[in-house]
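Engineer: Quick one: structure below, then a few questions.
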Amino acid sequence: MSKRVTLLNGPNLNLLGLRQPEIYGRETLADVVAKVTALADELGLGVQALQSNHEGQLVDWIQEARGTSAGIIINPGAYSHTSVAILDALNAFDGAVLEVHISNIHKREAFRHHSFVSSRAEGVIAGFGTEGYLLALRRMATLLA
Ligand code: CA2
């Protein structure tokens, strides 16, 4: 049976491709999920893709991934910079965690420079556009091999 990876996207990422293309690009979240799912097939992985604007929902999904997913790829959106609850949930997850940011958070406002999630993540990708999700999936395949 293929190993499952949970792909989590946080608040406002449902607007991907619809607003602010100069920062986040022109691909929609559905485009990204389709590409990640196709690559996962090639890599012999299964993907469960979820997006929520609500912190508690993201915490619930991270808890549910315990025992069902081998890894989590997460773009926590703005919760990266505020959420100890998401960090705590990830700390209770036994598998691999990779953090993705579409934009280079270090080139933006100072309040985006720190992510609570980064202290738990095996790796962080920022500023590679939506391609970052595919790079993270390739790295996840290596980590889970
Ligand atoms: O660069 C990233 O991926 C971020 O996680 C995106 C978050 C931002 O708060 C983080 O600092 C960096 C914002 C996601 C908003 O996504 C939108 C997409 C299209 C249009 C409007 C918002």
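Every read-out reported here was derived from the displayed coordinates using simple, explicitly stated rules and does not represent laboratory data. The structure displayed is predicted, hence computed values, not measured ones. Cβ coordinates were reconstructed from backbone atoms using ideal geometry, including for glycine residues, and neighbour counts include every protein chain displayed.
Engineer: Skipping prolines and chain starts, which residues have an amide H placed within reach, meaning under 5 Å, of the one on V47, given they are 5 or more residues away or on another chain?
Structural biologist: Under 5 Å from the amide H of V47: V5.
Engineer: Tabulate in residue order the Karplus-calculated ³J(HN,Hα) for segment 48-53, using 6.51 cos²θ - 1.76 cosθ + 1.60 with θ = phi - 60°, rounded to whole Hz; enter x for Gly and Pro.
Structural biologist: Values, residue by residue: 10, 9, 9, 9, 8, 8 Hz.
Engineer: Around V117, with a cut-off of 14 angstrom between Cβ atoms, what is the net charge of the other residues, counting Lys and Arg +1 and Asp and Glu -1?
Structural biologist: Result for the local shell: -2.
Engineer: Still on this structure, please answer the following. Out of all DSSP beta bridges with both ends in the chain, state the antiparallel percent to the nearest 5. Write down the numbers at each step before the final one.
Structural biologist: Details: 0 of 20 bridges.
The antiparallel proportion sits near 0 percent.
Engineer: Quick one: net charge around I62, please, counting Lys, Arg +1 and Asp, Glu -1 for every other residue with C-beta under 12 Å from its C-beta.
Structural biologist: On the way: positive: R66, R120; negative: E55, D60, E64, D88, D94.
Here the count lands on -3.
Engineer: Determine, from the Cβ-Cβ distance of H113 and A38 and an R0 of 35 Å, the FRET efficiency 1/(1 + (r/R0)^6), rounded to the nearest 0.05.
Structural biologist: Numbers: r = 33 Å, r/R0 = 0.95.
For R0 = 35 Å, the calculated efficiency reads 0.60.
Engineer: How far is it, in nm, from the label point at R138 to the one at E122 when both lie 7 Å from their Cα along the line to the Cβ?
Structural biologist: For R138 paired with E122, the spin-label model returns 1.6 nm.
Engineer: Give the calculated FRET efficiency between Q57 and T28 to the nearest 0.05, with a Förster radius of 22 Å applied to their Cβ-Cβ distance.
Structural biologist: Numbers: r = 20 Å, r/R0 = 0.93.
That gives a FRET efficiency of 0.60.
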